[in-house]
1. With respect to the numbered conditions (1) out of contact with any helix residue (DSSP H, G or I) (no Cβ under 7 Å at 6 or more places or on another chain); (2) modelled with pLDDT of 90 or more, which one is the sole condition not fulfilled by residue 74?
2. Just checking, which of 134, 113, 143 is within 18 Å of residue 70 (Cβ to Cβ), over 14 Å from the mean Cα position of the chain (by Cα) and modelled with pLDDT under 85?
3. Tell me, which residue of the stretch 19-52 that is of a type outside the set (Phe, Trp, Tyr), surrounded by fewer than 21 Cβ atoms within 10 Å (Cβ to Cβ) and under 17 Å from residue 122 (Cβ atoms) is modelled with the highest pLDDT?
4. For the stretch 57-80: of the residues being of a type in the set (S, T, N, Q) and in a helix (DSSP H, G or I), which is surrounded by the fewest Cβ atoms within 10 Å (Cβ to Cβ)?
5. What are the pairs with Cβ atoms under 6 angstrom where one residue, in the stretch 133-158, is under 20 Å from residue 35 (Cα atoms) and the other, located anywhere, is assigned to a helix (DSSP H, G or I) and of a type in the set (Gly, Ala, Ser)? Sequence gap at least six, or different chains.
6. Looking only at residues in the stretch 162-174 that are closer than 15 Å to residue 41 by Cβ and among the β-branched types (Val, Ile, Thr), which one is modelled with the highest pLDDT?
7. Going by the conditions given, is residue 65 touching a Gly at 6+ places or on another chain (Cβ under 6 Å) and either of a type in the set (Gly, Ala, Ser) or farther than 18 Å from residue 165 by Cβ (or both)?
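The values are calculated or read from the model by the stated rules, or taken from the named source; none is laboratory data. On a predicted model such as this, the values are computed, not experimentally measured, just so you know. Here the Cβ positions follow ideal geometry from the backbone for every residue, glycine too, while neighbour counts run over all protein chains shown.
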Amino acid sequence: MNNVILSNISRFIILLAAQVLIFNNIDLFGFINPFPYILFILLYPSTGNRSFLYVLSFLLGLSVDMFENSGGVHAAASLILAFVRPNLLKFSFGVSFQYHQTNLNDKVSKELFKGMEVLTYLILATIIHHCSLFALEILRFNFIWEILLRTLLTTLFTILTSIIIIYLIKPTKK
């Protein structure tokens, strides 16, 4: 149990630091910026305390907002992602996924491309996060095409970055 708590704490700190120090400084074409900090929410153990996930998601998003001076849009988008996460898990892995005592981090790390479930989960979660983030950031319905374009391009870049990060942190087979 302590190992799970320590790994979650370290994942929180490392992903937040990477977002603030590295990924916030990447700005392709003036508006494409990867947000791999959402991996913390996505890799949170499926058997973990859901209320604690909501609090941590809010704190993670709020921390990114403080460093980006973005007024709370990351906190709101992270909280939205944390709330829809159980439905995404059911949709991507099937209803029986909630009855398995599987650590999602291990499943994602070991089976990234063995099945489409993990990739579906990653893509849908990233789209939901980014769409809510940019809709809250722009906050005008007449800019729907800009919201969709930014969501699409940033989602592609975030997914590519997240896959690279997952491969870097996945446990080695012994």
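1. Condition not satisfied by residue 74: (1).
2. Going through 134, 113, 143 in turn, just one is within 18 Å of residue 70 (Cβ to Cβ), over 14 Å from the mean Cα position of the chain (by Cα) and modelled with pLDDT under 85: 143.
3. Here is the first cut: in the stretch 19-52, the ones of a type outside the set (Phe, Trp, Tyr) are 19-22, 24-28, 30, 32-34, 36, 38-39, 41-43, 45-51.
Cutting the leftovers down to surrounded by fewer than 21 Cβ atoms within 10 Å (Cβ to Cβ) gives us 20-22, 24-28, 30, 32-33, 45-51.
Among the residues that remain, those that are also under 17 Å from residue 122 (Cβ atoms) are: 45-46.
Numbers: 45: 85, 46: 81.
Among those that are of a type outside the set (Phe, Trp, Tyr), surrounded by fewer than 21 Cβ atoms within 10 Å (Cβ to Cβ) and under 17 Å from residue 122 (Cβ atoms), it is 45.
4. To start, the set of residues in the stretch 57-80 that are of a type in the set (S, T, N, Q) comprises 57, 63, 69-70, 78.
Going one step further and asking which of them are in a helix (DSSP H, G or I), we end up with 57, 63, 78.
Numbers: 57: 23, 63: 19, 78: 29.
Only one residue tops the list, namely 63.
5. From residues that are under 20 Å from residue 35 (Cα atoms), the pairs are 133/77; 136/76; 147/135.
6. If we filter the stretch 162-174 for residues that are closer than 15 Å to residue 41 by Cβ, which is where we start, we get 162, 165-166.
When the remaining residues are screened for being among the β-branched types (Val, Ile, Thr), the result is 165-166.
Numbers: 165: 86, 166: 82.
Per the criteria, the residue is 165.
7. Numbers: touching a Gly at 6+ places or on another chain (Cβ under 6 Å): yes; either of a type in the set (Gly, Ala, Ser) or farther than 18 Å from residue 165 by Cβ (or both): yes.
Yes.
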